[in-house]
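The next block holds one structure in the form of structure tokens; read it before the comments.
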Amino acid sequence: MAQTCSRVPKQLLRDNANFVVMFKQDKMNAGHVYSDHVLPDPTFTQFQEMCSKCWDNKYGFLVIDKDSEVNAERYRKGFDTYIVI
């Protein structure tokens with residue numbers, strides 16, 4: 001578990017993370033998460049739209065389940081609302 005991804009070695013996260021919980025980020029940091037954990041599933045524009053929907057609520061977040069297939073519960077708004085691409 002890490003609060004700031006930039007403080008953890010990249011290979012440690014890429015190799016060992018099953019779930020990524022992503023709270024509101026700026027475009028640059030969202031791009032890093034996209035390239036490390038999402039690519040090539042949705043386009044970056046689609047990813048940004050997913051993030052915006054998840055961050056509508058004050059404490060909203062996006063969950064990426066890296067063990068699931070793309071359209072089989074991989075992306076979630078919070079922990080219980082699935083996003084289909």
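Here are a few things to note about the model shown:
- Shape of the range 27-85, Cα gyration tensor, a/c cut at 1.5: oblate
- Per residue, the average separation of C-alpha pairs within less than 8 Å and at least 6 apart gives the range 5-83 a relative contact order of 29 percent.
- Least to most buried among M28, M22 (fewest other Cβ within 10 Å first): M28, M22
- Within the shell of other residues whose beta carbon sits under 15 angstrom from the beta carbon of E73, the net charge comes to -1, with Lys and Arg scored +1 and Asp and Glu -1.
- Between D65 and N18, the distance separating the two model label sites (each 7 Å from Cα on the Cα→Cβ line) works out to 1.1 nm.
Values quoted throughout were computed directly from the atomic coordinates according to the rules given, and no laboratory measurement underlies them. Predicted model only: the values in this text are computed from it and were never measured. So basically every Cβ, Gly included, is an ideal-geometry build from the backbone, and we count neighbours across all protein chains shown.
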